[in-house]
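One structure is given here, and the rest of the page talks about it.
Coordinate-derived values only; no laboratory data. Fair warning: this is a prediction, and the values are worked out from it, not measured in the lab. As a convention, Cβ positions derive from the backbone with ideal geometry for all residues, glycine included, and neighbour counts pool all protein chains shown.
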Amino acid sequence: MENLDELIEKIKMFSKEEITQSLIKDMLSWKTDKRTIVELKENIDKYFEDNLIDNENIYKSWKDFKNKVIADILGMTMNERLYWFSLFDAFDSSKNKSVYYDKLMAKK
């Protein structure tokens with residue numbers, strides 16, 4: 001099972017279509033904005049619910065990540081959350097760590 005950055009790299013291999021690039025951009029921008037994991041899930045799910053992306057490999061990769069990582073988020077430590085969502089470096093260099101606790105739905 002891959003973390004978010006690895007998932008993004010995998011998706012890049014499956015398609016070069018513009019809508020796929022938009023999906024990737026959405027995932028990457030989530031890492032630096034204030035959206036939570038729930039909002040990430042909702043945004044990415046819309047690509048598939050609205051049939052914007054019909055690539056089975058991309059859908060399966062996202063579904064696996066969602067079912068393994070996002071579904072289990074409340075049982076994870078902060079370090080596990082940082083790993084799965086590829087945020088260790090951003091967290092370590094941040095002066096406002098509470099942003100990441102909120103984003104990753106973790107207790108402070």
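For K10, the lysines whose Cα falls under 24 Å of its own Cα, not counting residues fewer than eight places away in the same chain, are K25, K31, K41, K46, K60, K63, K66, K68, K103.
Working note: 222 nm ellipticity from helices only, DSSP H runs with n ≥ 4, each -39,500 (n - 2.57), summed and divided by the residues of the chain, gives -17500 deg cm²/dmol to the nearest 500. Under 1.5 on a/c is rounded, so check that first for region 1-68, then, if it is not, pick prolate when a/b is larger than b/c and oblate when it is not; a ≥ b ≥ c are the square roots of the alpha carbon gyration tensor eigenvalues. Rounded is the answer for region 1-68, as its axis ratio a/c remains below 1.5. Over region 4-98, Cα pairs under 8 Å with separation of 6+ residues give a relative contact order of 33 percent.
Expressed as a fraction of 2.2 N^0.38 Å, the rule-of-thumb size for a compact globular protein of N residues, what is the C-alpha radius of gyration of region 44-108?
After normalising by residue count via 2.2 N^0.38 Å, the value is 1.32.
Could you give each residue of region 87-94 its phi-based ³J(HN,Hα) in whole Hz, using Karplus coefficients 6.51, -1.76, 1.60 with θ = phi - 60°, and x for Gly or Pro? Per residue, the Karplus-derived 3J(HN,Hα) values read 10, 4, 4, 5, 5, 4, 8, 7 Hz.
All other residues whose Cβ lies under 15 angstrom from that of E9 are scored, Lys and Arg at +1 and Asp and Glu at -1, for a net of +1. Between K46 and K31, the modelled label-to-label distance comes to 2.2 nm, taking each label 7 Å out from Cα in the direction of the beta carbon. Of all aspartates and glutamates in the structure, the ones whose alpha carbon falls short of 15 Å from that of K12, not counting any fewer than 8 places away in one chain, are E2, D26, D54, E56.
What net charge do the residues around D102 carry, taking every other residue with its C-beta under 9 Å from that of D102, with Lys and Arg at +1 and Asp and Glu at -1?
So the surrounding residues net to +3.
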